[in-house]
Structure formats: structure tokens, C-alpha cells
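Comments concern the structure below.
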Amino acid sequence: LRFQFLEQKYGYYHCKDCNIRWESAYVWCVQGTNKVYYKQFCRTCQKSYNPYRVEDITCQNCKQTRCSYPVKLRHVDPKRPHRQDLCGRCKGKRLSCDSTFSFKYII
């Protein structure tokens, strides 16, 4: 068995059918790459999509991707709940991506 670790990134999505755009701080890529491992679902038509653009989540304080600040803010509301029903990683599961107990590797 070979473990591949996942890292959290920021993604930009576009549903071509509904012409809806959204952004998410819960994009899971194979570590060291921009290869998206889980898709997200459009809230209107429920089709699954990969993001058309992926970025590292950078700290707003020091502009680094890995730093000692406990929270890396982005231009999203950190108090807004994670939509488990639209997330390919945690849809139908008990634990959410934003849970501290969520495993960050795949086999």
C-alpha cells in the first residue's frame, strides 16, 4: 500500500449548465500537485465538477502558504458552514472536511 497525502487548496468553479460560479477553500489535491482528488457538486443541478483554477491557501498576515498563524484567512467567511451536501469528499459521511478529526490521506 502506498499512502498519498492530500493538501487543502482554494478552487474556482463554474457550472456550464447553470452558469453559476463559486469558490471553495475545501479543494483536496494530491500533495505537491494541483491534481484534484474530490469533485464538488453544483447547488442547482447537482452535477459534479473539478475547479477550473486551483491556488495554495495563503496566510493574509505573512502571505506564506505554511506559517505559524493558527488561521489562514481568505476572502471567504470563516463562520460560514461547510456544505457537506455539495462536497465530494464528505457527502454522505459523518465527519466533515472542516473537522479536525478528518483524515488527510488516501490509499
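Mind checking which residues of the range 17-55 are small (Gly, Ala, Ser) and within 10 Å of the chain's Cα centre (by Cα)?
Just the residues of the range 17-55 that are small (Gly, Ala, Ser), to begin with: 24-25, 32, 48.
Within the range 17-55, Ser24, Ala25 meet the criteria.
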Exactly one of Gly92, Gly11, Gly32 is on the phi > 0 side of the Ramachandran plot and either open to solvent by less than 40 Å² (accessible area, probe 1.4 Å) or modelled with pLDDT of 75 or more (or both), and that residue is Gly32
If we keep only residues of the range 35-51 that are of a type outside the set (A, V, I, L, M) and in a strand (DSSP E or B), then the residue surrounded by the most Cβ atoms within 10 Å (Cβ to Cβ) is Gln40
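The values are calculated or read from the model by the stated rules, or taken from the named source; none is laboratory data. Values in this document were obtained by computation on a predicted structure and should not be read as measured data. All Cβ positions, glycine included, derive from the backbone under ideal geometry; neighbour counts span all protein chains shown. For accessibility, only protein heavy atoms count, side chains too; no ligands or nucleic acids. Shrake-Rupley method; radii C 1.70, N 1.55, O 1.52, S 1.80 Å.
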